[in-house]
Amino acid sequence: MSFESSFDLLPNWQLKTVQELVNEKILEKPLDGNHGGIHPKASDYVEEGIPFVMASDLEAGLINFSSCKHISPQQAGTLRKGFAKEGDVLLSHKATIGRTAIVQPNDNEYIVLTPQVTYYRVKDETKLNNIYLKSYFDSYFFQTILNQWAGSGSTRAYLGITEQLKLPVIVPPIESQIEIASFAHNFNSKIHLNTQINQTLESIAQAIFKSWFIDFDPVRAKIAAKQEGKDAELAAMCMISGKSEEELKQMSKDDFAELQATAALFPDELVESELGEVPKGWEYKKLKNLCRVINGRAYKNTEFKEEGIPIVRIQNLTGGGKTVFSDLDLPQDKLIEKEDFIYAWSATFGPYIWRGPKSIYHYHIWKMDVDETIISRYFLYLTMFRKTESMKSAGTGSIFTHLTKVIMESQDVLIADNAINMLFKDRIDKIFKLISLKSDEIKNLKNIRDTLLPKLLSGKVEIPDFINEGE
């Protein structure tokens, strides 16, 4: 394997392989997680323990510790390698190629990696800065080489440790590294903050949905209040707002009236249905009566183009895989636009809100064309988000789980009366609009970072002047 630099380096900048950095004791030898029989299995996961980090847990340059699996300290003690610690640079190199992170401060002495992820540990900080190394791994120059060598786009895309040792690393003087790292860190911090805001906003949406449509909290609050001889509507207002009666009295007149009107919409009785208790007046409907499930189009490699409309494939949904294009003129139902609800029914399983440009969606993805006169697309997204795990057991496939259109269309969806549906739609649409705006800001920040980083790496931008201008 070989590589060519697309730019000329400054005289005192060097291009070294990972192996050379190891030989010079600047890096420790990179290691990934345990392969073979001792690799932890799903049945080994525990609620609390040592974080077991997969490629999917690398988000916005950090580890998402809230989503990663855990293994027991006893099992971790039986493993041979893959023990990463604070400050290590992580790189995904199998299937999902090119995700990066720095192990942030956490409460664990170490974390354990899967065979998808390699850690790079700086040994001599006077020669190599870990934040610079992570920024370099994010650069287009490095990512292009990594994806080419790993055969990105294939379901078996992989670059093992032996081949990773041959990867090139641009090594400026340490002063320049620190300046580049500072630039990248500023952008990455803003990206991470926006990512956290979006995660919080979606958690809020999930919490409201669960309270109203899963736990029936406002309805149960009314029932309990009636049984105790209390004001049922006031109890529902407290439940919906999360405020005490005393705090409700401090609300403005308009806000109080709006909350009161919301509480009045919820019934004060649960009735039996074929699928369990539901609020009176609510009913289950089949998904096919709420939404058209439209499959994407299968493409041949010969139809991929260098320019045209982007084709969204399964691997693109999780930030992996090279984007390909088509110049075919397709009907509107084979196109997706920003904020469309789509569902991956194979391999990378589950619901997504599309936040990219107008695109063609590939086979293995459904476009969920929701009848928004009845419910919001975001309501159905939140519903299917909660149903995805249980739906997996109904899927087929020996290697990847597949869902059929019949299974999807037969899903039961609990629908409230129209007034509550439209009220929920109004609230949730506002939350997802904020998420969309923050997602746009993240994209813009990434584009600026990724446009300027190659210039910084080539020395074409004088870093101190650039940073000063950006302050």
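The values are calculated or read from the model by the stated rules, or taken from the named source; none is laboratory data. Fair warning: this is a prediction, and the values are worked out from it, not measured in the lab. We place every Cβ from the backbone using ideal geometry, glycine too, and count neighbours over all the protein chains shown. Side chains are part of the model used for accessible areas, which takes the heavy atoms of the whole protein and leaves out ligands, DNA and RNA. Shrake-Rupley method; radii C 1.70, N 1.55, O 1.52, S 1.80 Å.
Label-to-label distance, S67 versus K338, with points set 7 angstrom from Cα along the beta-carbon direction: 2.2 nm. The simple Förster model, with R0 at 30 Å and r as the Cβ-Cβ distance, assigns R355 and S393 a FRET efficiency of 0.55. The residue list F424, Q177, S241 was ranked by how far each Cα lies along the charge dipole of the chain toward its positive end, using unit charges on Cβ atoms, and Q177 comes out on top.
The label-point distance for E307 and S203, in a model that sets each label 7 Å from Cα toward Cβ, rounds to 4.5 nm. Shown here for segment 241-303: trypsin sites (Lys or Arg not before Pro) in loop regions (DSSP other than H, G, I, E, B) with at most 10 other Cβ atoms within 10 Å, namely K300. Multiplying the residue separation of S241 and K81 by 0.36 nm and removing their Cα-Cα distance gives an extension gain of 52.7 nm. Using the Stokes-Einstein relation with a Kirkwood hydrodynamic radius computed over Cα pairs, the translational diffusion coefficient of the chain at 20 °C and a viscosity of 1.002 mPa s comes to 85 µm²/s. Computing Rg and the Kirkwood Rh from the Cα coordinates of segment 223-370 gives a ratio, Rg/Rh, of 1.21.
Here the dipole of the chain is about 1420 debye; that uses its Cα centre as origin and unit charges on the Cβ of Lys and Arg (positive) and Asp and Glu (negative).
When the Cα positions of T262, V312, S72 are compared along the charge dipole of the chain, V312 comes out farthest toward the positive end, with charges on each C-beta of Lys, Arg, Asp and Glu. What percentage of the solvent-accessible surface of the chain, computed with a 1.4 Å probe over protein heavy atoms, is contributed by carbon and sulfur atoms? Reported share for carbon and sulfur atoms: 50 percent. For segment 146-300, the solvent-accessible area works out to 53 Å² per residue, with a probe of 1.4 Å and every protein chain left in place.
A 1.4 Å probe run over the protein chains yields, for segment 21-68, 48 Å² of accessible area per residue, whole-number rounding. Placing pseudo-labels 7 Å out from each Cα toward the beta carbon at K285 and T126 gives an inter-label distance of 7.1 nm. For E47 and D412, what does the FRET efficiency come to when R0 = 41 Å and r is the distance between their Cβ atoms, rounded to the nearest 0.05? In this case the efficiency is close to 0.90.
In this structure, E277 and L15 have a Cβ-Cβ separation that, at R0 = 60 Å, corresponds to a calculated FRET efficiency of about 0.35.
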